[in-house]
Structures are given as C-alpha cells and as structure tokens.
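The values are calculated or read from the model by the stated rules, or taken from the named source; none is laboratory data. Nothing here was measured: the structure is a model prediction, and the numbers come from that model. All Cβ positions, glycine included, derive from the backbone under ideal geometry; neighbour counts span all protein chains shown. Side chains included, ligands, DNA and RNA excluded: accessible areas come from the protein's heavy atoms. Shrake-Rupley method; radii C 1.70, N 1.55, O 1.52, S 1.80 Å.
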Amino acid sequence: MRPGARLWAAALDAGAQAALMAAVEAIWAEAPPRHPVTRWGKPMSVGMSAAGPLGWTSDRRGYRYAPAQEDGRAWPPIPPMLLDLWAAAVPGAAPPDSCLVNLYRDRARMGLHQDRDEADLTQPVVSVSLGDEALFRIGGAERGAPTQSLWLRSGDVLVLEGPARLAFHGIDRIRAGSSAVVPGGGRVNLTLRVAGATAAASAS
Ligand code: MD6
Ligand code: FE
C-alpha cells in the first residue's frame, strides 16, 4: 500500500474479536447507531455511534466533533482494549479522544473522503474491522488520484499516518454473510483518532 498506510492483518484473534463485539454492543446500549444526514440532507447508509470525550456528527450545518450526543448525553468511554490496541499500533502517538463506531448492514457503503476534522493532522488514525469483509479503496491526497483496493477482514487493523493521513478513502461494498461476528450480520468499523487539540499542538 502507499507510504503511511499500514495494514496489520489479523491483529485480533477470534476471542479478541468477540470481546470487542461485546464492547461495541455496550456502546450501542448507551449511544444507539443513527443515520446522520449529510450536508446535502441525505441520510448516510452507515449507522454511526461513537465513544470517548468526542463523537462525530453530521447534519445540514456540516460535519463536526461533538462532546455529547444529540439528546445531550455524553458518549460512552472508549473500551480499554482499544486503548491498548492504539498503543501497540502507534506507539508515541498522543492518546485517542474519539472512537467512531460505524455499522454497515447489507448495502451500506462509504464514499471517498478525507479524515480532516481533527485539530492535529500529524496524529494517526487507527481503524479496526469486525464482521463482514469490506472492499476498502484508498487514493492520494487529491480527489481523482489513482486508487487501489483491498479487502478488510474481521480482526484487521489499518493505520493511516504520515503521508497517507490525508489520503482519500472509502468503502465500496461489503460481502454480506462472509462473517458471523456481528449479531444480525454486517460489518462494524471502529476508528480511533485524536480529534481535539493535543498538548504538543496547542503549545505550538
Ligand atoms: C471503514 N474507514 O473502514 C471506513 N478512516 O469503514 C475509514 O473511514 C477510515 O479505515 C481513517 C482511517 C482508517 C479508516
Ligand atoms: Fe475515514
């Protein structure tokens, strides 16, 4: 893959995947997945929730990180096993303050986008996949640059950092029924990030 994009295949074994799935269901109990509308008013096909001090929402005003859910409740905490995974995947990075929890059922997809709403874009993003296989596409920092595709499988961890931190990426489709890890079927993707200002970034 392109420099700065790193796949850690099968980082989580079956037991760890089941434990993480249980943690995701605990997050959903406090913060159920919703289908936020885009800036253009169209509901997203992906069901979204979050954990940590900051979650992510979208509405007609645009995309942003928010310290609370729409109903005012705080987001549930980031599961400790994900904090350990972050430390193993990106030693030296600032601690994450946001974990987006995306649910893909049957035809859900995610269009090509950059993750650039974070305050410090020198910090990495780490993603963990659970459940059905997904066709992930990644290109360059400009829309329209050539892309490459790879299948992400349950237990895979993907890091975007350095020269790939602002690469356009998305999910073209999932292979429904390819895994039984997500109850009810589908795929869950968790992305850990440093959304707010870090000590280093705010000091400069
Ligand atoms: C997904 N992933 O796998 C969507 N973003 O469902 C992302 O949007 C993503 O995998 C930043 C870094 C890694 C990712
Ligand atoms: Fe992303």
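Figures for the structure shown
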| quantity | calculated |
| --- | --- |
| Selection within the range 10-24 - more than 17 Å from the chain's Cα centre (by Cα) and not aliphatic (A, V, I, L, M) | Asp13, Gly15 |
| Some residue of the range 47-55 being farther than 24 Å from Gly184 by Cα and hydrophobic (A, V, I, L, M, F, W, C) | yes |
| Leu85 vs. criteria open to solvent by 30 Å² or more (accessible area, probe 1.4 Å) and either under 25 Å from Met21 (Cβ atoms) or modelled with pLDDT of 95 or more (or both) | no |
| Any hit, the range 110-117, residues being near ligand 1 (Cβ under 9 Å from one of its atoms) and touching a residue at least 60 places away in the same chain (Cβ under 8 Å) | yes |
| The range 125-149, subset within 15 Å of ligand 2 (Cβ to nearest atom) and touching a residue at least 60 places away in the same chain (Cβ under 8 Å), residue nearest to the chain's Cα centre (by Cα) | Ser127 |
| Leading residue by the ranking (most open to solvent (accessible area, probe 1.4 Å)) among those in the range 158-186 that are touching a Leu at 6+ places or on another chain (Cβ under 7 Å) and within 20 Å of Pro79 (Cβ to Cβ) | Val181 |
